[in-house]
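Engineer: Take a look at this one; I'll ask things after.
The values are calculated or read from the model by the stated rules, or taken from the named source; none is laboratory data. The structure displayed is predicted, hence computed values, not measured ones. Quick reminder, even Gly has a Cβ in these numbers, built from the backbone with ideal geometry, and neighbours come from all protein chains shown.
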Amino acid sequence: MITFDENTKRQLIELKEQRDITIEGGILKLINSSNDEKFAAYISDSLEKDMEIRKKRLGVNKKIEDQNKKLTASEKENEKINKQLKEALEKAEKAKELALVDLEVLQKKTQNELVGSIVKVSLWIICGVGAITSLLFAFCTFLGVENQVIQQAWSNMFSILLTNSFSIIGTIMGVKYASEKKSKCRCKDD
């Protein structure tokens, strides 16, 4: 046990009365206060105050531990949400790429169908005009009508039709080449 002299006891009691400062901690259990009632009351008050301070510290520590647990749980939840967001973003990027590829395929298909329709109509017109002109020329030849004018018209018609058919086909091929070149340039920009 620890024993204090009368002067030290008096200073400790005065310190408590003037500034409300007492001894704290486990040392209080080792101090001998059996002969002095006033010092025994000081030690008793100090023990009570020490217990209150320890309870407050324990409460603060528990609050801090609870907050740390909540923060840790929140951090894990945030990491989980961030991971899900990254996965969703990657899926969206892949879906966007697939949609762009599908759109390009659809545009090419539509363009090819349009070109095919133009070529078919042009061929029908060319064949129709050629057939009508040929029938008219054959009819005039069969009837024995002077066909010099019809013969020249027939010859001119075929040359014009042939020239126009090559012009149409060349235009279509040029448009197709230009659109393919434009889509290749777009792919490089992306």
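Let's see how each residue does on (1) touching an Asp or Glu at 6+ places or on another chain (Cβ under 8 Å); (2) not acidic (Asp, Glu):
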residue	(1), (2)
Gly25	yes, yes
Asp66	no, no
Ala88	no, yes
Lys96	no, yes
Leu106	no, yes
Lys109	no, yes
Leu114	no, yes
Leu123	no, yes
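Engineer: Which of the residues belonging to the stretch 37-46 are surrounded by 16 or more Cβ atoms within 10 Å (Cβ to Cβ) and not β-branched (Val, Ile, Thr)?
Structural biologist: Phe39, Tyr42, Ser46, listed by residue number.
Engineer: Looking for something surrounded by 10 or more Cβ atoms within 10 Å (Cβ to Cβ), touching a residue at least 60 places away in the same chain (Cβ under 8 Å) and closer than 30 Å to Ile168 by Cβ - is there at least one such residue anywhere in the stretch 83-103?
Structural biologist: Within the stretch 83-103, not a single residue is surrounded by 10 or more Cβ atoms within 10 Å (Cβ to Cβ), touching a residue at least 60 places away in the same chain (Cβ under 8 Å) and closer than 30 Å to Ile168 by Cβ.
Residue-wise test of (1) assigned to a helix (DSSP H, G or I); (2) more than 14 Å from Gly25 (Cα to Cα); (3) out of contact with any helix residue (DSSP H, G or I) (no Cβ under 9 Å at 6 or more places or on another chain).
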site	(1), (2), (3)
Ser46	yes, no, no
Met51	yes, no, yes
Gly59	yes, yes, yes
Glu79	yes, yes, yes
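Engineer: Another one. Does any residue of the stretch 128-139 turn out to be of a type in the set (A, V, I, L, M), in contact (Cβ under 8 Å) with a residue 12 or more places away in the chain and part of a helix (DSSP H, G or I)?
Structural biologist: Scanning the stretch 128-139, I find at least one residue that is of a type in the set (A, V, I, L, M), in contact (Cβ under 8 Å) with a residue 12 or more places away in the chain and part of a helix (DSSP H, G or I), so the answer is yes.
Engineer: Of all residues in the stretch 129-152, how many are surrounded by 11 or more Cβ atoms within 10 Å (Cβ to Cβ) and either in contact with a Lys or Arg (Cβ under 8 Å, 6 or more places away or on another chain) or at pLDDT 75 or above (or both)?
Structural biologist: Matching residues across the stretch 129-152 total 11.
Engineer: Within the stretch 112-122, is there a residue that is surrounded by fewer than 11 Cβ atoms within 10 Å (Cβ to Cβ) and either not hydroxyl-bearing (Ser, Thr, Tyr) or not in a helix (DSSP H, G or I) (or both)?
Structural biologist: The answer is yes; a qualifying residue exists.
Engineer: Across the stretch 25-49, what is the number of residues that are modelled with pLDDT under 80 and acidic (Asp, Glu)?
Structural biologist: Final tally of qualifying residues: 1.
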